[in-house]
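Remarks on the structure that follows.
Throughout, read-outs are computed from the coordinates displayed, never taken from laboratory work. Computed from a prediction, not measured in an experiment: that's the story for all the values here. Virtual Cβ from ideal backbone geometry, glycine too; neighbours counted across all protein chains shown.
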Amino acid sequence: MKVQPLPQSFFEQPTLELAKGLLGKLLVKESASGTASGWIVETEAYIGPGDRAAHSFGNRRTPRTEIMFAAPGYVYTYVMHTHCLVNVVSGKVDQPEAVLIRAVEPYQGLELMYERRGEKKKEQELTNGPGKLTKALGIDRNDYGRRFVEPPLYIAKGRQPGIIMSGPRIGIDNSGEAREYPWRFWVKGNRFVSR
DNA sequence: GAGGCGATTGCCT
DNA sequence: GGCAATCGCCTCG
């Protein structure tokens, strides 16, 4: 199967639909040391204006969140402590929404992933968390502001995801009632899902 | 399995 | 200048 980026129109759907639609798609990163990719198996939606867990809550607009106000399909990377997380910007222009990619299942570039993550690891520990998959695929803050429709970082047509589950998001305990929103989506039974 | 801490970035006082 | 953050790893039991 030839791997090529999905069109811009794919990203032009409501954020919750996009979060589900991303499951099963292929996340690809090309770099000087090779290409690595994985099937997306877990996502979370962040819908800015009314979502206390989102960086763009209340339309908070700063240099960091600026990209969330742009058209859908942009790459939003965020550095936290020693790790980097990757989001897909969603929603129309001036609607600061995004989908966090929390886990993928390795596809291409397995050796590269071991090299980046450490050799002595179970395969599922390569990419079963938002900070892990970015390291395995070589995604970092330099990818901020790119677009997912073209190399070196893009999303390609994938496979049928299977049964999709939903539930509360992770790691946002101090976000009031937003903590309860069932905006986390994952592929049922996939062993690369973070929990 | 639970708990604690690393060590970066950028926003806010 | 301080502090909180979409987390991961190591250590201890």
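Do the alpha carbons of any pairs in A:K25/A:K188; A:K122/A:K188; A:K25/A:K120; A:K20/A:K121 sit beyond 23 Å of each other, and which pairs?
Table pairs above 23 Å Cα-Cα are A:K25/A:K120; A:K20/A:K121.
List the trypsin sites (Lys or Arg not before Pro) within the range A:14-105 that fall in a DSSP loop (any state other than H, G, I, E or B) and whose Cβ has at most 16 other Cβ atoms within 10 Å.
For trypsin sites (Lys or Arg not before Pro) across the range A:14-105 that sit outside H, G, I, E and B with at most 16 neighbouring Cβ atoms in 10 Å, the list reads A:R52, A:R60, A:R61, A:R64, A:K92.
How big is the Kirkwood radius of the range A:122-186, worked out from every pair of different alpha carbons and given in Å to one decimal?
About 14.7 Å for the range A:122-186.
When the dipole is taken about the Cα centre of chain A, and only Lys, Arg (+1) and Asp, Glu (-1) are charged at their Cβ, what size is it in debye, to the nearest 20?
Charge dipole of chain A: 300 debye, to the nearest 20.
Under a point spin-label approximation (7 Å from Cα along Cα-to-Cβ), what is the A:R195-A:H81 distance to one decimal in nm?
The modelled label-to-label distance comes out at 1.4 nm.
222 nm [θ] for chain A, helices only, -39500 (n - 2.57) per DSSP H run of 4+, per residue, to 500?
Rounded to the nearest 500, it is -3000 deg cm²/dmol.
Report, in cubic angstrom per residue, the convex hull volume of the C-alpha atoms of the range A:93-145.
That works out to 94 Å³ per residue.
Regarding the range A:1-54, what is the average projected area of its C-alpha convex hull, in nm²?
The directionally averaged projection comes out at 5.3 nm².
Using only Cα atoms, figure out Rg for chain A and give it as a multiple of 2.2 N^0.38 Å.
The reported ratio for this selection is 0.94.
At most 14 other Cβ atoms within 10 Å and a DSSP loop assignment: could you name the GluC sites (Glu not before Pro) in the range A:1-90 that fit?
Hits after loop and neighbour filter: A:E12.
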